[in-house]
Amino acid sequence: MPRPSPLLFVVTAFLLFTSLSVLVIVPSNKPESVANTGKDGFSTLYSEYNAAIILRYSELERLDPKNTVLVLTSVSSLDSNGLKYVADYLAKGGTVVMWADNTTEEFPSLLNLTVTVYNGTLLDEVSKHGTRFEPVVFSRPLNVTVVLEKPRPIESWGPGGECILYSSPFSYIDLNGNGFYDPGEPMDSFCVGVAFRYLNGTVFIIPSSNIFVNNLFSLNKDFLDEIRGGREVVIDQTAQSRDLLEYLRLAASTRGYNSFILVLLLGTLLAGGVFVVRQRF
């Protein structure tokens with residue numbers, strides 16, 4: 001059997017190497033990724049605080065809970081094993097900030113916390129940032145304003161909880177989802193964020209789209225600063241890192257690796273693979 005041309009291997013290796021280089025180095029488009037520089041990314045949050053990241057929940061064990069604040073971004077994918085690490089982090093005095101677009105029932109209930117939200121989006125024609133879909137709310141305990149994206153007002157919460165975010169008296173609940181106020185829809189100042197004590201830690205729960213993405217970060221930085229009180233920010237990237245290419249981007253941009261060094265390593269591995277394959281012909 002004739003041996004394949006060495007040129008074919010070289011060209012193939014070059015094309016694969018170039019493709020990997022481009023995929024790893026270009027910015028991410030995954031929401032809430034610290035490698036994403038777009039409006040729904042976390043690159044500003046990451047760079048502003050020189051934050052740490054976790055790619056697995058087991059990494060919480062190496063953190064000092066009393067000197068860190070965990071921004072939890074993947075509540076919907078938090079399994080029982082991950083919850084165990086989060087609960088242990090809280091029990092040791094950690095602080096967790098989380099949000100969810102829906103009822104936020106799963107995560108709080110697993111920690112024996114109770115939060116019930118209205119079945120409708122809170123809109124505000126007066127106290128808003130740009131549009132009624134981004135109401136400006138106020139934190140009385142922290143004395144800061146926060147811009148939320150389509151929040152769901154909280155109807156009630158269980159023992160140990162305290163409301164920390166309130167909407168303006170002109171806000172209303174869009175019950176039928178048409179994006180406008182209709183006669184009969186509730187209009188009042190509603191709770192849109194609560195804080196719970198959990199053993200020695202604190203959980204902040206905000207039923208809204210994420211509030212620290214790039215296009216909202218500057219508006220909500222004061223809120224996070226009040227929560228963290230000088231402590232280190234840690235960003236949950238477990239969901240994002242389940243994608244291989246995203247994992248490589250995160251490794252290149254946040255773990256102290258130079259992107260070109262990482263690509264060189266990939267290229268070396270690729271060349272080694274080509275060499276092994278070639279030896280078999």
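Read-outs throughout are calculated quantities, based only on the coordinates presented, and are distinct from any laboratory measurement. Nothing here was measured: the structure is a model prediction, and the numbers come from that model. Positions of Cβ are backbone-derived with ideal geometry, glycine not excepted, and every protein chain shown enters the neighbour counts.
Annotations for the structure displayed:
- Cβ-defined net charge surrounding Tyr166, 13 Å radius [Lys, Arg +1; Asp, Glu -1]: -2
- Label point distance in nm, Glu59-Glu162, each placed 7 Å from Cα along Cα→Cβ: 3.2 nm
- Cα-based Rg and Dmax for the stretch 29-261, where Dmax is the largest Cα-Cα distance (Å): 17.6, 61
- Rounded to 5, percent antiparallel among DSSP beta bridges of the stretch 29-261: 60 percent
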